[in-house]
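The values are calculated or read from the model by the stated rules, or taken from the named source; none is laboratory data. Computed from a predicted structure; not experimentally measured. Every residue, glycine as well, gets a Cβ built from its backbone with ideal geometry; the counts of neighbours run over all protein chains shown.
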Amino acid sequence: MNSNEMIDRYVNEVGENLPRKMRADIEMELRSLLLDALEERAEAEPSAKETAAFLQEFGSPETIAAQYRPAESLIGPKLFPTYKVVVTITVSIIGVLHLLFLGLALWSSNGADWLDKVLNLIASFGRSAVLNAGIVTLIFAIIERTMGDSLRLPEKNEIVWDPFSLPPVKDPDRIKRGELIAGIFFGLLFLVWMNFFPEWLGVVSIDEEGSGFWVLVTAEFMALIPWFSASLLLDVVLKTAVLIQGRWNRITRVIEIGTTIFGLYVAYLIFSLEEISTVPFITTMVKIGLAVALVIGSIELVGKVVRLLLGRPFTPRTFIKSKLA
């Protein structure tokens, strides 16, 4: 890594900790400031070690970003890293405990009333996660309001932070908040729809005798709703934990592979049904879509495993390009 690349990584990392609307201007200003300061400090082209020493004196990306962020916030920059860790641990423990309780309940009842148990699990997890996350937020907000100015926490970033460990500008482990939030929202929406309003899986028909509801899915498909719900719930819990944590890591990548395998298995179960819809044409179209999704999902699964084992990105696009080269 040369000096210019280290500066680019540093500026990009500062920008990732800033609101999007103010990111571009601050990155441009910060890059110009750093280059001018380095030019005044070093007579010749600075080496990577000299640039790293300069950046360590300048401050960690989180510290610099905190200086640019607006001061009005529920939880200040001093407490926010600790707050994210506590919320992540809290929600993760709640999710694991609920899944364990569900497994024990299904095992003890031999699968009886499984639908009620799944619905109760989803509702209980949502209430517990929101309630406990709210309690943690309230506690940290009170600490911020009462001790925010006088609070002195160990400057871990200044001691541990190493400029050579800055992630690349195109970092595969950096999260895309918009995609995660959209995935969580639509995942919860489908969970509520499939489990609380399954009778809505159809269309409204109006004839001379009046209006009625025509169910489009078969009883065999309805029997797989618990499997589909479990797959969605696991995906929502994982996305929520990664969103709160702010970054993918090796553990969450392993869990992602597990949820992907389970999701592909559920998709295969649906694909294997003789009839998915009461309308044959819809069954054919859904099966075609599921076949494409299974192929693409399998390739992406291989890519995730390769990236986890070798640390190199792998996508269907790069796979196709490598075959055509």
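Yes or no: T252 closer than 30 Å to T82 by Cβ and modelled with pLDDT of 90 or more? Taking the combined requirement at face value, the residue satisfies it.
Per the listing V11, V96, V85, the residue uniquely exposed (fewer than 14 other Cβ atoms within 10 Å of the Cβ) and under 29 Å from E144 (Cα atoms) is V85.
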